[in-house]
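Here's the structure, in structure tokens; my notes come after.
Bear in mind these aren't lab numbers, they're just calculated from the coordinates by the rules spelled out. The structure displayed is predicted, hence computed values, not measured ones. Cβ placement follows ideal geometry from the backbone for every residue including glycine, while neighbour counts extend to all protein chains displayed.
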Amino acid sequence: MHSSLSRLFTTQLFRLASVGITGLMLSGCFYANTSQAPIATTYPYTEQQRMQAAHHWEVLARHEASNILQRERVRFRDLHIIEPDHPGLNVYSGGEFDRGFRTLLTSELVSRGANLTTVPTPNAANIHIDVEVVEHRDRGFIRPPIGAFTALTAGVAVATIPINHWAEPALGLIPAAMIADTVSGSWTTTGNEEVIITTQIIDGERILYSSSNIYYINAGDRRQYAPHRVPRAPATPTVSITNTW
């Protein structure tokens, strides 16, 4: 009985292997390395920071100030930071990043010995700061951070130990919680909103310095970076009331 089952299994396995080999041979005859359109591939794993605190603006200002003063063409020049041009906006309309980042960049440059002017002068080079918000409306699947599935599996495994061996099952959550406390500071979502922040130093028609940085931002923070792109609430209709006919 056992030998009959073994022969039957071997026969079925041989048939499957034959079909597979035949398929590979036929695919070679019909140019397996061709396609009607380019095949989508992914990029190598990279990381991108999320900007969600004024301290993060300070970190960027410190980075830009350090880079600016390393450039010989601008190190000893008078510099003037151009004010944002958003007509019709006030401090309650948003735009906190524009105001905050310029103030932080001014402080970082002055503390490093840069020559900043409060008004444009003929010999000064102008610092321009441009902010572009990018909204992705139809993103595909984005893999979770490296190790996420492993950590989840480990947490489930740890939680099952007390169920099988310990007297109090709830104790199994303690090791998993300790792991979460250790790594939760690096957890964040990818999101659909990004911001491109470009700092340039321009002298007449010459660009002396240009640096762009990309960050994820929270969707609710868009008004801080691009207040002119935040949808306005619809106007409330009014009805006039009078006692005359």
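Quick notes
- Computed from the C-beta positions of Leu116 and His56 and an R0 of 25 Å, the FRET efficiency is 0.65 to the nearest 0.05.
- Stretch gain in nm, segment Asp130-Asn67, where the contour uses 0.36 nm per residue and the Cα spacing is subtracted: 21.0 nm
- Modelled this way, with points 7 Å down the Cα-to-C-beta line, the labels at Ser210 and Asp138 are 3.1 nm from one another.
- Highest average first, the peptides 36-44, 112-120, 76-84 ordered by how many other beta carbon atoms sit within 10 Å of their residues are 76-84, 112-120, 36-44.
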